[in-house]
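Before any comments, here is the structure.
Bear in mind these aren't lab numbers, they're just calculated from the coordinates by the rules spelled out. No experiment lies behind these values; they were computed from the predicted model shown. Glycine gets a Cβ as well: all are built from the backbone with ideal geometry, and neighbour counts include every protein chain shown.
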Amino acid sequence: MSIAENIALLRENVEKCCQNAGKKPSDVQIMAVTKTVDADRINEAVAAGLSVLGENRVQELLSKAENVDKSARWHIIGQMQTNKVKYIVDKIELLHSVDRVELLKEIDRRSAQVGTKLSVLLEVNISEEISKAGVKPQDVDRLIEAASEYENLNVRGFMTIAPTGTDNDTARPYFERVFNIFERYAGKTEKNINVSILSMGMTADYQAAILEGANMIRVGSAIFGTRS
Ligand SMILES: *Cc1c(COP(=O)(O)O)cnc(C)c1O
């Protein structure tokens, strides 16, 4: 199947899920995750209407972005090293993986230098697997509190990754727990905290994520095929 066909099928599935969840398809933003995918194939996805692109690595994003349609909006979804913030602070629309004060501090500093305010999500480590990034659920309040002190960034919501090996049946309780955190903050605006985005769900579990309240899903292999 072509990338355009994959996207059409994905859209159909998302639509069905939205119906079951009592939402409009336009309530769920589909991000195309482009790690390991070359610029030509990324442009096929953009041409098929997916304008939000997610990369895990700063270097990979920077080297591809030049050859990708300029209408695309890039997000970083992978673990972020503090010393790489300066390369992307004015090049991306949203950073999904903020999980520590040190990172907030550097985003604030670099944003101020170039006169921007980067939008970020706080990544929640809901499985509390050691190998996963993210702030622990019980530390979210403290991280938000810390983030509210940095003027040159905006906290827009939360992101999570379900435990490795979960699927549409088994991921739901994890997504539900992050939704509950999201709901505590959603709609409240205080200083630079303005929560409206809940980024969760990948190829294996986006249907569960939508049913549990995700409004942004991050899909790679269902669009571009299995990564080698
Ligand atoms: C790779 C990746 C995805 C997409 O994974 P697929 O299973 O290919 O859909 C989503 N989110 C993050 C954080 C990823 O690293």
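Okay, helix-only estimate at 222 nm for the chain: each DSSP H run of n ≥ 4 adds -39500 (n - 2.57), divide by all residues, round to 500 deg cm²/dmol; what do you get?
One gets -11000 deg cm²/dmol as the mean residue ellipticity at 222 nm.
Wrap a convex hull around the Cα atoms of segment 39-160, take a quarter of its surface area, and give that in square nanometres.
Projected area, direction-averaged: 7.8 nm².
Determine the percent antiparallel among the DSSP beta bridges restricted to the chain, to the nearest 5.
5
Based on alpha-carbon positions alone, could you give the equivalent ellipsoid semi-axes of segment 1-71 from the gyration tensor, as √(5λ), descending, whole Å?
Three semi-axes, in Å: 25, 13, 10.
Taking the highest mean first, how do the peptides 130-140, 210-220, 72-82 order by number of other beta carbon atoms within 10 angstrom per residue?
In descending order of packing, they fall as 210-220, 72-82, 130-140.
If the cut-off is a Cα-Cα distance under 30 Å, which lysines reach residue 64, setting aside same-chain residues fewer than 8 apart in sequence?
Here the lysines satisfying the reach criterion relative to residue 64 are 35, 84, 86, 91, 105, 117, 132.
What Kirkwood hydrodynamic radius do you get for segment 155-228 when you take the inverse of the mean 1/r over all pairs of distinct Cα atoms, in Å?
12.7
In nm, what is the difference between 0.36 nm times the number of residues separating residue 66 and residue 142 and their Cα-Cα distance?
Taking residue 66 through residue 142 to full extension adds about 23.6 nm, to one decimal.
Would you list, by chain and number, the lysines whose Cα falls below 16 Å from the Cα of residue 16, excluding same-chain residues fewer than 8 positions away?
Partners found: 24.
When 1/r is averaged over all different Cα pairs and the result inverted, which Kirkwood radius in Å belongs to segment 65-126?
Computed over Cα pairs of segment 65-126, the Kirkwood hydrodynamic radius comes out at 12.1 Å.
Please list, short to long, the whole-number percent of alpha-carbon pairs of segment 98-228 in consecutive 10 angstrom bins beginning at zero.
13, 41, 32, 13, 1
Taking every pair of alpha-carbon atoms in the chain, what share in percent sits in each 10 Å bin, from 0 to the bin with the longest distance?
8, 34, 38, 18, 1
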